[in-house]
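To start, the structure itself, in structure tokens.
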Amino acid sequence: MNKIKMTVLSVVAVLGLSACGGGGSDYYDDGYYPPVEPIDPLITLFIVDELNNRINDIEYVCDSTRGFTGDRGLAGEFSFRDFDDCTFYLDDYIVLGDDLFIVDVYDVGKNNIPYTCDSDNLLWYTGDSGRDGEFEYSYFSDDVCTFEF
């Protein structure tokens, strides 16, 4: 009777422990690697004046990037990721009467980008003035404008 109990107990133990492999199921040894989430590519736009001159050295801070316009090799360029908010510190670039515009690489104005400036705290959209990509800011104060890309 004891022999039968020992045999049954041995068989149960072997079957029970064989299911407990201890390794994960990631399949790294078989060449399987879990997919990596892609990083959203950077979007690049430009700030230009009313004569289409690209404007360098305006400081900006976005949710995912920061720098000065034109500091990555292309005049007036700034880069960000989709859905970033970007703040531009226009106090270093205030020229009385200069209108500023946000354009793409083909110099086409980008309309309907919501933004606010510290000078009035109102919600505006680029192109509201009727000129593609134009945005309003205060010439007479150190203005800071935040765009919602």
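Scanning region 84-104 for residues that are at pLDDT below 95 and surrounded by fewer than 18 Cβ atoms within 10 Å (Cβ to Cβ) turns up TYR89, ASP91, ASP92, ILE94, VAL95, LEU96, GLY97, ASP98, ASP99.
Under the condition of being part of a loop (DSSP other than H, G, I, E, B) and touching a residue at least 24 places away in the same chain (Cβ under 8 Å), the residues counted in region 109-128 number 5.
Here the condition is being among the β-branched types (Val, Ile, Thr), in a loop (DSSP other than H, G, I, E, B), more than 20 Å from TYR125 (Cα to Cα) and modelled with pLDDT under 90; of VAL8, VAL36, VAL14, it holds for VAL36 alone. Residues in region 56-76 that are surrounded by 19 or more Cβ atoms within 10 Å (Cβ to Cβ) and not in a loop (DSSP other than H, G, I, E, B): TYR60, CYS62.
Condition first: of a type in the set (Gly, Ala, Ser) and out of contact with any strand residue (DSSP E or B) (no Cβ under 6 Å at 6 or more places or on another chain). Can you find one or more residues in region 77-96 that meet it? No: zero hits. Suppose we filter region 139-149 for residues that are part of a loop (DSSP other than H, G, I, E, B), surrounded by 16 or more Cβ atoms within 10 Å (Cβ to Cβ) and either out of contact with any strand residue (DSSP E or B) (no Cβ under 7 Å at 6 or more places or on another chain) or not hydrophobic (A, V, I, L, M, F, W, C) (or both); how many remain? So the count comes out to 1. Checking each residue in region 35-55 for being farther than 10 Å from LEU100 by Cβ and either under 13 Å from the mean Cα position of the chain (by Cα) or surrounded by 10 or more Cβ atoms within 10 Å (Cβ to Cβ) (or both) picks out PRO38, ILE39, ASP40, PRO41, LEU42, ILE43, THR44, LEU45, PHE46, ASN52, ASN53, ARG54.
Taking region 47-91, which residues are of a type in the set (Lys, Arg) and closer than 21 Å to TYR139 by Cβ?
ARG54
In the set (1) closer than 24 Å to ASP128 by Cβ; (2) in a loop (DSSP other than H, G, I, E, B); (3) touching a Phe, Trp or Tyr at 6+ places or on another chain (Cβ under 7 Å), the condition left unmet by ASP98 is number (3). Among all positions in region 110-126, there is at least one residue which is crowded, with 18+ Cβ neighbours inside 10 Å and touching a Pro at 6+ places or on another chain (Cβ under 9 Å).
The values are calculated or read from the model by the stated rules, or taken from the named source; none is laboratory data. Not measured: the values here are computed from a predicted model. Note that each Cβ is placed from the backbone with ideal geometry, even for glycine, and that neighbours are counted across all protein chains shown.
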